[in-house]
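The values are calculated or read from the model by the stated rules, or taken from the named source; none is laboratory data. Everything numeric here is computed off the predicted structure, so don't read it as measured data. Neighbour counts are summed over all protein chains in view; Cβ atoms, including those assigned to glycine, are modelled from backbone coordinates with ideal geometry. When the accessible area is computed, the model is the full protein with side chains, heavy atoms only, and any ligands, DNA or RNA have been set aside. Shrake-Rupley method; radii C 1.70, N 1.55, O 1.52, S 1.80 Å.
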Amino acid sequence: LLSLLCLGDCQLHTSCGIHKCTTDFVSFTSHLNAALEDFDLEFCKALRAYSVCTYRNSKVCRGNLVYHSAVLGISDLMTQRNCTKDGPTPSTNPEMTHDPCNYSGHTEVREHQGAVKTSLPRYLFCGLFGDPHLRTFKDHFQTCQVEGAWPLIDNNYLSVQVTNVPVVPGSSATATNKITIIFKSYQDCTDQKVYQAMTDDLPAAFVDGTTSGGDGNTRSLHIVEKVSGKYIEMHARYIGTTVYIRQLGHYLTLAIRMPQELVMAYEESQDLQLCVNGCPSSERIDQSGRLPLPVMGKLLPWSAVSHPRSGYTLETATTKCHEKILVKDIYFYSCVFDLLTTGDANFTAAAHSALQDVEALHPSKEHWHIFPRSGGRGVGRDSKFFISLGLPCLILVEYL
């Protein structure tokens, strides 16, 4: 946040209160997470309180370099976050802050109650899109059949189930046309809420017609409609979880961010969770992350297959996907795979949106892009070949 100079300098100016101002600011912001919806609001509140505190100490801290650095840092951060100078500030002592329906505050409470200060919670990401392509909580990337209803997540707090249907005749690829989510009741924060989306029916409400759970004032669980009938977000503050659901073409995509300790809170009987353990080996289409090249036809050189059933050649599919996805990572190759399989350009938008969701929700920027393994046969960052599976013979095709 702020680059704080040596606090020992404040101790040379015993009448200067900048040390207390800084300590309070850190206390107010230590539990905040930039991925949560209310981050900017709470961060601006803390900045205003910090600014007020520095103003009160402006005379006694006049010659203090730490004080002047803090003032400049506050100004820069308020500009970056579009914070107004006038507005609300935190209403309680930071050491007493406790909101039982705000998961980001749970850790803070444990810190003040325990003798040892714990680290902030770790968040995990899972996404499903396309034909369908799965990114697990462990950042493993798989392409699977998984036709029918399958559980993505099933723990003590949340259940997510998807239903996948075949996309085109003659292909094992499927895509998601139904998503069911159950937010399980939790203390006084929310009663059980069920959400269901289907192709051409992406509601901005739970099945009971409500748009939030628990006390409407705390908004511990609520739905936000971003694009009518096409894109909604669900924010469950009490479990620190955010869900994005989109419809692109005739199919749905899902992205979710959830704290690791809650992801792992499940019984042994709930071990079939695609987001946790991936797809069963019998359902895998890819080979260790390498995607096959779907060619609907006989064993022919690629130059002879000028018009595959999808309407796309490898070259035109590559060009189409590169318009949206500049980095040739697994999302790019998934786009190529989907275009060659279905001929549906909406899958290009699905792959692009899935990457955008990763950038919005995944906690580690260095892990946003996943590259297929190089070497061996299949699609890879340094590989020159796709390998086609599911045909009477294998077709090895040079990747241009």
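I'd like the full set of residues that are assigned to a loop (DSSP other than H, G, I, E, B) and modelled with pLDDT under 50, limited to segment 98-144. Those that are assigned to a loop (DSSP other than H, G, I, E, B) and modelled with pLDDT under 50: Gly114, Ala115, Val116, Lys117, Thr118.
Among the conditions (1) out of contact with any helix residue (DSSP H, G or I) (no Cβ under 8 Å at 6 or more places or on another chain); (2) within 28 Å of Val336 (Cβ to Cβ); (3) outside any strand (DSSP E or B), the only one that Glu261 does not satisfy is (2). If the condition is being under 23 Å from Arg219 (Cβ atoms) and among the acidic types (Asp, Glu), then segment 20-40 contributes Glu37, Asp38, Asp40.
Can you name the residue in segment 303-327 that is assigned to a loop (DSSP other than H, G, I, E, B) and either modelled with pLDDT of 90 or more or of a type in the set (A, V, I, L, M) (or both) and is also most open to solvent (accessible area, probe 1.4 Å) among such residues? Top of the filtered list is Leu326. Entry remark, segment 246-258: residues being within 20 Å of Leu339 (Cα to Cα) and in contact with a Leu (Cβ under 6 Å, 6 or more places away or on another chain) number 2 in total.
Taking the residues in segment 243-282 that are closer than 21 Å to Gly130 by Cα and among the polar types (S, T, N, Q) as candidates, determine which candidate is most open to solvent (accessible area, probe 1.4 Å). Among those that are closer than 21 Å to Gly130 by Cα and among the polar types (S, T, N, Q), it is Ser281.
With respect to the stated conditions, Phe337 is assigned to a helix (DSSP H, G or I), modelled with pLDDT of 70 or more and touching a Pro at 6+ places or on another chain (Cβ under 9 Å).
From the residues in segment 190-219 that are modelled with pLDDT of 95 or more and assigned to a strand (DSSP E or B), which one is surrounded by the fewest Cβ atoms within 10 Å (Cβ to Cβ)? Per the stated criteria, the residue is Asp201. Being under 20 Å from the mean Cα position of the chain (by Cα) and either crowded, with 17+ Cβ neighbours inside 10 Å or in contact (Cβ under 8 Å) with a residue 60 or more places away in the chain (or both) holds for only one residue in Gln187, Gln142, and it is Gln142. Checked against (1) over 18 Å from the mean Cα position of the chain (by Cα); (2) open to solvent by less than 30 Å² (accessible area, probe 1.4 Å); (3) free of Cβ contacts under 8 Å to residues at least 24 places away in the same chain, His222 meets all criteria but (1).
Scanning segment 1-29 for residues that are modelled with pLDDT under 75 and hydroxyl-bearing (Ser, Thr, Tyr) returns Ser3, Thr14, Ser15. Quick one: would you say Ile370 is open to solvent by less than 40 Å² (accessible area, probe 1.4 Å), more than 24 Å from the chain's Cα centre (by Cα) and at pLDDT below 90? No, not satisfied.
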